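*Asks:* First, the structure itself, so that you have it in front of you.
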């Protein structure tokens, strides 16, 4: 079996590329902050890998002095890009080189941030503004924007003030507070900017470095604020006047633009049964706000959901009017319902404090591996264990951005799924105890008030022709399968592993050489014995997941 390596992908805008490594600029000539550069200098940039050279062009590879772009010809050799100025550089001038995030490698992975460096043809490096936020000609800028200018060297903070850093609108100065730290000057307007309006920012030549040398020319750029448009709810789930809604329904509202998550709480998104408020939690992701009731909804009951005008977009604009809709729950108790794993469903292994592969070439197929709050250092044995069409994510991963939050949400979804399975009561659970080996069980809910075993034979789950049939096993304590005389799970009658849920109140052990079909949700830990295989997921809320030797986990 060959060794397979997987890398966390590189992000470009909203696109995630999962092939290869992130491209980097590893060297420049001239060097950053170099002085006395020859006027006939050929400028070179070296990457850590060969690039898609069609993306390294006059838009993504630029040389400027002040605000004037230098004309040049770009060529390539291996991992090196060369910029040959059309005319010699000017004497005694400072230049800015930039490689933007539009530069990509052959796999479509982009630089993670603009690479900027400066050099001078004179004996000293002159101060320059090398970056701004908003960037020049940016549109859709929020009305409470903090405007910044970044220099190529430390500046004299006393020269960075409201006289040397201004914001104007149509020639009229905007009131604000100027501050300076590191190499960045900031202008904080003291009043909100007007919507859909062009503003001009200027850093004047009075801005000086520590040697008393000012920037060569005023640095001027403009940007346009966002047009004020009230957000709208464009879709709901359930739909207005929907009937037969599940008692475990999560109620959602989809907006037509990004919203301020801080304005979407149980105060702005409510659910009521008549006039009685329903308790629950509100979350927001993408364009969707979700209301998750704390308990199951009541059978054959009409509910009213409301998103109020207090829900605001990123510009601070609220809905024009409250958005109200109603729906009615189903009229008869539901058959056994599956357990919604939410974002935890992407993981073949999800653990709290540790993940280990003690020996052998274990494999996880078509699912990710995650640990939270545990760190990446607590994931061991990878390799020789490999993840096929998936990746490892740990709570202390810096890249890609948002890994820690993604894992926290997955653990929350796992906990909610565990609690849902533990409380499932329709149809009424059947009591089970001891060894289930050799038995055949129809779809339903099975409850053990202590431990549960599969030992004296295989356990058969018969869907009786219903491919959507669901099994929920509620186990108060430990769950163990024992290889030898059986210990495996056999599916028949159209049964599917994805519809089988084992809620384990302590820890689970999958016996040596057994074949398991499941989604295990263990409160503590899960151990797979030697050569044990599974079609399903190993999800441990608080403890560890241990693969003993050469285990296989396939996506159900």
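A short reminder: the numbers here are calculations on the coordinates, not readings from a lab. This is a predicted model, so every value here is computed, not measured. Cβ atoms come from the backbone with ideal geometry, glycine included; neighbour counts cover every protein chain shown.
*Asks:* To the nearest 0.05, what FRET efficiency results for residue 431 and residue 146 with a Förster distance of 45 Å applied to their C-beta separation? Spell out each step's value before the answer.
*Replies:* On the way: r = 62 Å, r/R0 = 1.38.
Efficiency, rounded to the nearest 0.05: 0.10.
*Asks:* Would you work out if region 312-427 is rounded, prolate or oblate? Take a ≥ b ≥ c from the square roots of the eigenvalues of the alpha-carbon gyration tensor; rounded if a/c is under 1.5, else prolate when a/b is larger than b/c, oblate otherwise. Walk me through the intermediate numbers first.
*Replies:* Details: a/c = 3.02, a/b = 1.48, b/c = 2.05.
Judged from the Cα gyration tensor, region 312-427 comes out oblate (a/c at least 1.5, b/c at or above a/b).
*Asks:* Shape call for region 233-329 from the C-alpha gyration tensor, a ≥ b ≥ c root eigenvalues: rounded (a/c under 1.5), prolate (a/b greater than b/c) or oblate? Display every interim value, and only then the final one.
*Replies:* Details: a/c = 1.93, a/b = 1.82, b/c = 1.06.
Prolate is the answer for region 233-329, as a/c is 1.5 or above and a/b outweighs b/c.
*Asks:* Taking neighbour Cβ counts within 10 Å as the exposure measure, how do 392, 553 sort from fewest upward?
*Replies:* Working: 392 19, 553 26.
Going from least to most buried by this count: 392, 553.
*Asks:* Quick one: divide the alpha-carbon radius of gyration of region 120-258 by 2.2 N^0.38 Å and tell me what you get.
*Replies:* Details: Rg = 22.1 Å, N = 139, 2.2 N^0.38 = 14.3 Å.
Computed over Cα atoms of region 120-258, the ratio equals 1.54.
*Asks:* Let me ask something else. By how many degrees, 0 to 90 and rounded to 10, does the Cα axis of helix 403-423 deviate from the longest principal axis of the chain?
*Replies:* Taking Cα atoms only, the helix is inclined about 20 degrees.
*Asks:* Take the alpha carbon gyration tensor of the chain, find the square roots of its eigenvalues, order them as a ≥ b ≥ c, and report rounded if a/c is under 1.5; if not, report prolate when a/b exceeds b/c, else oblate.
*Replies:* Details: a/c = 3.30, a/b = 1.70, b/c = 1.95.
Oblate shape, in that a/c is at least 1.5 and b/c is the bigger or equal ratio.
*Asks:* So what's the gap between the Cα centers of region 484-511 and region 377-434, to the nearest angstrom?
*Replies:* About 17 Å separates the Cα centre of region 484-511 from the one of region 377-434.
*Asks:* Using a Förster radius of 22 Å, what is the FRET efficiency between residue 298 and residue 450 based on their Cβ-Cβ separation? Nearest 0.05, please. Don't skip to the answer; put the middle values down first.
*Replies:* Values: r = 32 Å, r/R0 = 1.47.
Between residue 298 and residue 450 the formula returns 0.10.
*Asks:* Further question: Quick check: Cα centre of region 67-102 to Cα centre of region 210-249, how many Å?
*Replies:* Going from one Cα centre to the other spans 35 Å.
*Asks:* Further question: Using mean Cβ contacts within 10 Å as the protection proxy, how do 315-327, 421-433, 360-372 order, highest first? Intermediate values should be presented prior to the final figure.
*Replies:* Numbers: 315-327: 16.5, 421-433: 14.5, 360-372: 21.9.
Highest mean packing first, the order is 360-372, 315-327, 421-433.
*Asks:* By average Cβ neighbour count within 10 Å, what is the ranking of 186-194, 256-264 from highest down?
*Replies:* Working: 186-194: 14.8, 256-264: 16.3.
My ranking of the peptides, most packed first, is 256-264, 186-194.
*Asks:* Just grab the label-to-label distance for residue 67 and residue 42, each label 7 Å out from Cα along the Cβ direction, in nm (one decimal).
*Replies:* A separation of 3.4 nm, rounded to one decimal place.
*Asks:* What is the distance in Å between the Cα centroid of region 134-202 and that of region 287-357?
*Replies:* 41 Å
*Asks:* May I ask you to sort 346, 537, 376 by Cβ crowding, counting other Cβ atoms within 10 Å and putting the fewest first?
*Replies:* Going from sparsest to densest Cβ surroundings: 376, 346, 537.
*Asks:* Can you give the calculated 222 nm mean residue ellipticity of the chain, where each DSSP H run of n ≥ 4 adds -39,500 (n - 2.57) and the sum is split over every residue, rounded to the nearest 500 deg cm²/dmol?
*Replies:* On the way: 1 runs with 21 residues, N = 556.
The helix contribution divided over the chain gives -1500 deg cm²/dmol.
*Asks:* Rank these for me by crowding, 447, 517, going from fewest to most other beta carbons within 10 Å. Walk me through the intermediate numbers first.
*Replies:* Details: 447 20, 517 24.
Listed from fewest to most nearby Cβ atoms, that is 447, 517.
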